[in-house]
Amino acid sequence: MATSEKQVMVVGIDDSEHSTYALEWTLDHFFVPFASNPPFKLFIVHAKPTATSAVGLAGPGAAEVLPYVDADLKKIASRVVEKAKDLCISKSVHDAVVEVVEGDARNVLCEAVEKHHASVLAVGSHGYGAIKRAVLGSVSDYCSHHAHCSVMIVKKPKIKH
Amino acid sequence: MATEKQVMVIAMDDSPHSMYALEWTLDHLFAPFGSVQPFHLVVVHARPVPISVLQLAGPAATAEIIPMMEIDLKKAALRITEKVKDLCNKKSVKEVSMDVMEGDPRNVLCEAVEKHNASVLVVGSHGYGPMKRAVLGSVSDYCAHHAHCSVMIVKKPKT
């Protein structure tokens, strides 16, 4: 077929600076240099934690708190979406799609890759050391082992000494 | 101000996974951009040190073998260099340099990133499960945690 279908790149974002940095880095390196004709179609996916999973860590007596937690999470999600959209527009990327999917980030991102037949998944990295990873888990680690496409881990540079 | 080209380091060993990673990178990150390559590509081959290979072989291996291993490793490095050049030519990618460094791939790759000021390090993945990783170690894992730049892990799709 003559017209090459655009490749799909999925970028996973959460509410952290690392994600924003990752999105910006990706836009700068794979979209900005190509101005009007970027080689990838960009899907930005925000995994919104479920209220129950966020509260689960808090302990018993949490049921009454659920609606507030949910409202909070919704606010965070829309803030994340707004930031992402603004960032894309500031880099002149107009056909990016921003999605919010509820669930654990690990699964949400791997499913997004399948759904959009992405060839690349880009994620930020909190730069946790070994202990924190064991306790908090690492989405970038999980994705690099389980996503069915190439995985790019974008790291916010540590201040060089 | 003319923008300096970004540098992409890609790891190359003697496995089909590396070749696949190089081909994937050329196809997805170079070919679509036509004549203006977005990155300067540096292909880094980490040549194992004979002593380290001997250790895997066990006590029966003696020091007399070392010169022969050196020759073998040199031949492998040359073969890899040839394959890389051919592939890049085929994909019309001209700005490529090849760097063969001796040592453990984990360190070699992270040092190459520093040396070339790379913005991206691309590695293939042998796709080992958690057991094999624990025993053999995983270069892609190490690099993902320790390289000072973004790391792209290219996986050969399981058929």
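Taking all protein chains together and a probe of 1.4 Å, list B:Y20, A:Y68 from the most accessible to the least accessible. Present the calculation step by step, with values, prior to reporting the outcome.
Details: B:Y20 65, A:Y68 165 Å².
Listed by decreasing accessible area, they come as A:Y68, B:Y20.
Rounded to the nearest 0.05, what FRET efficiency is calculated for A:A71 and A:D104 with R0 set to 25 Å and r the Cβ-Cβ distance?
On the way: r = 20 Å, r/R0 = 0.81.
E(calc), rounded to 0.05, equals 0.80.
Heads up, I need the accessible area for B:D86: 1.4 angstrom probe, whole protein in place, Å², nearest 10.
Per-residue accessible area (B:D86): approximately 90 Å².
Once fully extended, how much extra length lies between B:R79 and B:K91, figured as 0.36 nm per residue of separation less the alpha-carbon to alpha-carbon distance?
Gain on extension, B:R79 to B:K91, equals 2.5 nm.
Give the B-A buried accessible area in Å², both sides summed, 1.4 Å probe, nearest 100. Before the final figure, lay out the partial values.
Values: alone 9610 and 9770 Å², together 17470 Å².
Separately minus together, B and A give about 1900 Å² buried.
Rank by packing, highest mean first: peptides B:116-122, A:111-117, B:75-81, with packing defined as the count of other Cβ atoms within 10 Å averaged across residues.
Packing order, densest peptide first, comes out as B:116-122, A:111-117, B:75-81.
Per-residue mean of other chain beta-carbon atoms within 10 angstrom of the beta-carbon, peptide A:38-48? Walk me through the numbers on the way to the answer.
Working: counts 1, 7, 3, 0, 0, 0, 0, 0, 0, 0, 0.
If you average over the peptide's residues, the count of other-chain Cβ atoms is 1.
Sort B:46-52, A:94-100 for me by packing, meaning the mean count of neighbouring Cβ atoms within 10 Å per residue, highest on top. Present the calculation step by step, with values, prior to reporting the outcome.
Numbers: B:46-52: 16.9, A:94-100: 15.0.
Descending packing order for the listed peptides: B:46-52, A:94-100.
The values are calculated or read from the model by the stated rules, or taken from the named source; none is laboratory data. No experiment lies behind these values; they were computed from the predicted model shown. In this analysis, Cβ positions are derived from the backbone assuming ideal geometry, glycine residues included, and neighbour counts consider all displayed protein chains. These accessible areas exclude ligands, DNA and RNA; they are computed on the full protein's heavy atoms, side chains included. Shrake-Rupley method; radii C 1.70, N 1.55, O 1.52, S 1.80 Å.
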